[in-house]
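No lab work stands behind these numbers, since they all come straight from the coordinates. These numbers come from a predicted model, not from an experiment. Note: ideal-geometry Cβ built from the backbone for every residue, glycine included; neighbour counts use all protein chains shown.
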Amino acid sequence: MKLRDKVIDKCEKLKLTGVMAALEVQFSSSAFDNKSFLARLDHLLTEEESSTLNKRIKTLQRQAKLRWPNAVIGMIDYKLHPGLDPAKVENLAELHWLQNNQHVVFTGPTGSGKTHLACALANKVIMAGISVLFFRYNELLLLLTAADKEERFTQYCKKLNRGSVIVIDDWGVAPLNAAQRHLLFEFIESRDQKGSLIITSQYPMSSWYEAFGDPTIADSVLDRIVHNAHHIDRKQGGSIRRKLGVNGGRK
């Protein structure tokens, strides 16, 4: 076996797909003939790094289970979002809020595009190689309740908290029972200063407190979110569903 084939074979066994593809380029292009060893090695490692990140992004996208998996910040049509400040969106897209475990909250009526915006921001997080998990608010409550009944609540919270960002879609204001209050408190407490949240809600944040039915727990939970969040309110944006029609609408 020729040395070239041996090297390619070893790359395949080691699953160095980026290096393997870059080697094929180097073998077939005269542009690399006069490159130094370090320059060629740098090219190989750069391509492997890119390949590894792309694989990770695909895995993260699959694990995230976003409602709008193809939502992208750069494709936002601001004509459909009157009042939405592009500068504020672009600032959030720089992801500085992640460094301090801050949160992002989108509020507005049904059909105002808040879930689509949340997913676009979540995809930006994923493209940076950072893990995201997506849940509907009611779904999350059911999962927390089930984990508690099966006596694996602590383990489940640890599993959830492996996600650097958790999207909670359609945060509601329906009254919580005592068990739900406790579980939601424990979950939010377990994430405090460990990860960020992206939350969407039809209701203004000021009305969230009423749902808890317990002022002490409400303060404990919501103060960790509300006072540490970047807020985008879509109440003046109108219904995008109405503008696009039922089939093209976005929540």
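Take the chain and mark each of the GluC sites (Glu not before Pro) that is in a DSSP loop with at most 14 other Cβ atoms within 10 Å; the longest unmarked stretch, sites excluded, is 152-251. A simple spin-label model places pseudo-atoms 7 Å from Cα toward Cβ; at T145 and K6 they are separated by 6.5 nm.
For the listed residue pairs K55/K159; K13/K158; K6/K159; K114/K158; K114/K149; K88/K149, the alpha carbons are over 31 angstrom apart in K13/K158; K6/K159; K114/K149; K88/K149. Take every Cα pair under 8 Å whose residues are at least 6 apart in sequence, average their separation, divide by the length of the chain, and the relative contact order is 25 percent. In Å, what Kirkwood hydrodynamic radius results for the chain from the alpha-carbon pair distances? Mean inverse Cα-Cα distance, inverted, gives 20.7 Å. Here the sum of -39500 (n - 2.57) over DSSP H runs of 4 or more residues, divided by the residues of the chain, equals -16000 deg cm²/dmol at 222 nm, to the nearest 500. So what does log10 I(q)/I(0) come out to for region 1-91 at q = 0.10, 0.13, 0.20, 0.26 Å⁻¹, using the Debye formula with one equal point on every Cα and no solvent? One equal scatterer on each Cα of region 1-91 leads to -0.49, -0.67, -0.97, -1.29.
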